[in-house]
Amino acid sequence: MTHVINTHLHLDHVGWNTKFVDGVWKPASHRARDIMPRLEVDLVKAGKWMRHEVNLRSIADSVAPVIDAGLVDFVDPEFQVASDIELLPCYGHSPGMLLVEISGGSKGVIAGGDPLHHPLQVLNPNVNTGFCEKPDKAAASRHALLARCADEGWAIAPPHFLVATFRRKIRLFRTEAPIRAVRNAS
């Protein structure tokens with residue numbers, strides 16, 4: 001393992017960064033570089049991060065130790081992790097959330113982050129969860145992601161669906177045009 005990509009800093013996405021050893025939280029790997037969204041780390045450092053107690057604890061036990069160990073690369077959107085892996089902005093669920101686009105030289109999969117928590121959000125992208133920090137922005141980002149996947153043929157891998165799955169989104173309707181027939185691309 002060479003890299004750990006933290007798409008955003010919510011508690012359910014950073015817990016794997018560290019391990020509890022002899023009463024102290026330590027980086028889980030001293031060989032891997034952790035990649036974190038610069039915007040979110042800056043908000044944490046400025047004390048402007050989501051003020052939920054459990055989220056603040058996860059910053060202390062799962063983010064700060066890897067930063068303090070010098071194992072983090074702070075990145076901006078469109079950061080190229082490797083020739084076929086790029087991080088894309090998908091703001092709203094959290095202020096600086098990034099998605100992982102894995103292309104392999106052609107259309108591939110967009111994974112990670114939390115643009116989708118439940119399959120219902122594929123059918124109605126306006127549905128937010130209580131964890132979306134900026135609900136209007138989260139819905140707009142979700143619409144844009146689903147439209148791109150449907151129109152360009154990208155698969156999507158939402159980490160919170162009950163069964164790990166890769167699916168191709170098909171466009172069932174357009175708000176700006178009449179309904180058109182599509183074929184299932186999965």
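Database remark: amide H of Ile35 closer than 5 angstrom to the amide H of Val4, Ile5, Asn6, Asp73 (H placed geometrically; neighbours at sequence offset of 5 or more, or on other chains; Pro and chain starts carry no H). The alpha-carbon of Lys134 sits under 15 angstrom from the alpha-carbons of these aspartates and glutamates, leaving out residues fewer than 8 places away in its chain: Glu40, Asp114. The fewest-to-most ranking of Glu152, Glu133, Glu101, Glu53 by surrounding Cβ atoms within 10 Å reads Glu53, Glu152, Glu133, Glu101.
Round to the nearest 0.05 the FRET efficiency obtained for Val24 and Arg57 when R0 = 22 Å and r is the Cβ-Cβ distance. Before the final figure, lay out each step's value.
Numbers: r = 15 Å, r/R0 = 0.68.
Using R0 = 22 Å, I get an efficiency of 0.90.
Segment 63-92 and segment 4-39 have their alpha-carbon centroids 12 Å apart. Taking the fewest neighbouring Cβ atoms within 10 Å as the starting point, the ordered list for Arg148, Arg57 is Arg57, Arg148.
Order by neighbour count: Val14, Val54, Val4, Val63, fewest other Cβ atoms within 10 Å first, most last.
Numbers: Val14 22, Val54 10, Val4 19, Val63 25.
Going from least to most buried by this count: Val54, Val4, Val14, Val63.
3J(HN,Hα) along segment 146-160: 5, 5, 4, 4, 5, 6, 9, x, 6, 7, 10, 10, x, x, 9 Hz, from the Karplus curve 6.51 cos²θ - 1.76 cosθ + 1.60 with θ = phi - 60°, whole Hz, x for Gly and Pro. For each pair in Lys19/Lys107; Lys48/Lys137; Lys45/Lys137, compute the distance between the two Cα atoms and list the pairs where it is over 26 Å. Beyond 26 Å: Lys19/Lys107.
Mind running the shape call on segment 83-132? Use the C-alpha gyration tensor, a ≥ b ≥ c as the square roots of the eigenvalues: rounded below 1.5 for a/c, prolate if a/b tops b/c, oblate otherwise.
oblate
DSSP beta bridges fully contained in segment 3-75 are about 35 percent antiparallel.
Throughout, read-outs are computed from the coordinates displayed, never taken from laboratory work. In this text the structure is predicted, and so the values were computed from the model without any measurement. As a convention, Cβ positions derive from the backbone with ideal geometry for all residues, glycine included, and neighbour counts pool all protein chains shown.
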